[in-house]
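Read through the structure below, which is laid out as structure tokens, and then see the notes.
Please treat every number below as a calculation from the coordinates, not as lab data. Computed from a predicted model, the values in this text were never measured in an experiment. Here the Cβ positions follow ideal geometry from the backbone for every residue, glycine too, while neighbour counts run over all protein chains shown.
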Amino acid sequence: MIRRRWSLFAAVVVCAPLVAWSVLGGGPRPDAPSEQQNKAPSAKEKRQVSEPDTRSDRASPQAAEEVDWKKISDAEWRKRLTPEQYRVTRRKGTERPFTGKYWNTKTEGTYRCVACGLELFSSEAKFDAHCGWPSFFEPIEKGTVETAPDFSHFMRRTEVLCPRCGAHLGHVFPDGPKPTGLRYCINSASLKLEEAKPEKKPPGGSSHP
């Protein structure tokens, strides 16, 4: 008899929440998993978890090195770049002379690839070639840029490319100043200038007596 009463009491305790749920008009069952638990992550949420931010202006150096930039689709490049940047870097276009952002810039800093952020040229190698495009006599380091023969427009030239993402940068000519005698004639649309940070002065002015 006692065992029977105990079983009846347990059944009431278990069923009471379900009975109350039914009487009050529904809603999520008390014993049912929440919608948040059942919801599968979207494709966007999966990308945010598994993929680093590889936009050239936000990606960390480590994240940028881990990306296979040459496998990025044409559609993705269109999203990442402005129409002019896309035309120049992905379609080997040329901006009109004396119109680019950096053709006459004297600001100190490092010029990076606008597409992937790779360091390409230093402002220390920039000179005024009077041609209307940013000009440098050497890359920031040996091997920083790649070159390839270019026979377009019925001319024989040497194209300059970003070695990491394959972006078209411009052309190099053998009419530059010493010590290299080269002129890397680069489109502003292919570049992004990272300005040099000003040197911090010691408190109280000069540290010299």
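Some notes on this structure:
- Proximity of backbone amide H atoms, modeled 1.01 Å from N, is registered between R112 and L120, K192, L193, E194 at under 5 Å, excluding neighbours fewer than 5 places apart on the same chain.
- Taking each residue as 0.36 nm, the span from E108 to T180 lengthens on full extension beyond its C-alpha to C-alpha distance by 23.9 nm.
- In order through region 68-80: 3J(HN,Hα) via Karplus (6.51 cos²θ - 1.76 cosθ + 1.60), integer Hz, x for Gly, Pro: 8, 4, 6, 9, 5, 6, 4, 4, 5, 4, 4, 6, 6
- Residue-wise HN-Hα coupling along region 118-129, computed from phi with Karplus coefficients 6.51, -1.76, 1.60 (Hz; x: Gly, Pro): 5, 5, 10, 9, 9, 5, 5, 9, 7, 9, 8, 9
- Two-site label geometry, K79 and K197: point separation in nm, points 7 Å out along Cα→Cβ: 3.2
- Applied to region 190-195, the Karplus parametrisation 6.51 cos²θ - 1.76 cosθ + 1.60 on θ = phi - 60° returns per-residue 3J(HN,Hα) values of 8, 10, 9, 7, 9, 5 Hz, with x for Gly and Pro.
- Förster radius 35 Å - calculated FRET efficiency between R96 and K70 (Cβ-Cβ, nearest 0.05): 0.80
- Amide H partners (placed H, <5 Å) of W103, local residues excluded: none
- Approximating the spin labels as points 7 Å out from Cα along Cα→Cβ, the D128-to-S152 distance works out to 3.0 nm.
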